[in-house]
């Protein structure tokens, strides 16, 4: 027997379990449906494409699971972009049962309800922008008058009205409900959350303009308080009552971690999809893959889970378009 005849059967037997699915070429025609494209992406062996296709299926199965309590978390920066419209629509359509986000999301939702942001460029001269009283958030331009002064004016008005009603202690989800009712505008994700009784939790409330305005209000109303323990009580009720739980996490940081943290108390998420651009090698929370959370008990070992490496404003519109058709929302 030759060496080749001896080695080939051994290698084939050992490797056969890895060679169960062949990589198929994607074929897109003018008539191609977006879900048909996602189905092909699942078989394409594409590096991020397969994760995106797997993420779509996990989200759809999660939404269709009537015994699953569904979280969506996102970083505030995406609300400064057009992705605010998709976040708003996901909440309007009641795709998710609770929101966990950052103070920046509240800031941008208020600002864009009453004013406009503008298209810019990553390479603009920031000194010249500062002289022109324009903030830059990536390639989004935020006129100063559309942000700080506007948010101050609206927040002080809203807080004064709330205080006169006799409400002097609010959890962050109650702050968000109050904002949604006052904004009363269908472009606002806070408005739809309030209207649909979907709680919005902001564990880092003081890290933004809304939090600063609450601090400023308290300087003259020392009996007004934000009660974070009440947030914890509400989250505890939600996770302990859930038969199963799932989450779509858009970006990392505190919003992602708070979602994972609270679900550890029920043994971890049953469904988890995470979208990030952060690298894993620096050990950061934002770079950590969803499967790392299994070791902490924040995601179940048997959970349906994937991490999608990509920029949310690019990928989420396609993911949501496929969700709309697949789920018939």
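The values are calculated or read from the model by the stated rules, or taken from the named source; none is laboratory data. Note that the structure is predicted; figures quoted are calculated from it, not measured. Methodologically, a virtual Cβ is constructed for each residue, glycine included, from the backbone with ideal geometry; neighbour enumeration extends over all protein chains shown.
In region 321-329, is there at least one residue being at pLDDT 95 or above, closer than 25 Å to residue 76 by Cβ and in contact with a strand residue (DSSP E or B) (Cβ under 9 Å, 6 or more places away or on another chain)? Within region 321-329, none of the residues are at pLDDT 95 or above, closer than 25 Å to residue 76 by Cβ and in contact with a strand residue (DSSP E or B) (Cβ under 9 Å, 6 or more places away or on another chain). Of all residues in region 249-274, those satisfying the criterion of being within 8 Å of the chain's Cα centre (by Cα) and crowded, with 24+ Cβ neighbours inside 10 Å are 249, 250, 255, 256. Scanning region 291-329 for residues that are without any contact (Cβ under 8 Å) to a residue 40 or more places away in the chain, surrounded by 18 or more Cβ atoms within 10 Å (Cβ to Cβ) and under 16 Å from residue 278 (Cα atoms) yields one hit, 293. Reported count of residues in region 263-287, each being outside any strand (DSSP E or B) and under 24 Å from residue 236 (Cβ atoms), is 7. A count restricted to region 239-248 and to residues that are touching a residue at least 40 places away in the same chain (Cβ under 8 Å) and either more than 24 Å from residue 291 (Cβ to Cβ) or surrounded by fewer than 17 Cβ atoms within 10 Å (Cβ to Cβ) (or both) stands at 2. The numbered conditions (1) assigned to a helix (DSSP H, G or I); (2) in contact with a strand residue (DSSP E or B) (Cβ under 6 Å, 6 or more places away or on another chain); (3) closer than 19 Å to residue 206 by Cβ are all true for residue 62 except (3). Given the criteria out of contact with any helix residue (DSSP H, G or I) (no Cβ under 8 Å at 6 or more places or on another chain) and assigned to a loop (DSSP other than H, G, I, E, B), does residue 204 qualify? No, not satisfied.
Give me the pairs: first residue in region 260-277 and free of Cβ contacts under 8 Å to residues at least 40 places away in the same chain and at positive phi, second residue surrounded by 24 or more Cβ atoms within 10 Å (Cβ to Cβ) and part of a strand (DSSP E or B), beta-carbon distance under 6 Å, and six or more apart or on different chains, which are they? Final answer for the pair search is 268/299. Selection of first residues in region 6-26 that are under 14 Å from residue 39 (Cα atoms) and of second residues that are modelled with pLDDT of 65 or more and assigned to a helix (DSSP H, G or I), restricted to Cβ pairs under 8 Å at least 6 apart or on distinct chains, gives the following pairs, ordered by first then second residue: 24/40; 26/37; 26/40; 26/41. Scanning region 112-144 for residues that are surrounded by 12 or more Cβ atoms within 10 Å (Cβ to Cβ), within 11 Å of residue 80 (Cα to Cα) and in contact with a strand residue (DSSP E or B) (Cβ under 6 Å, 6 or more places away or on another chain) yields 117, 141, 142.
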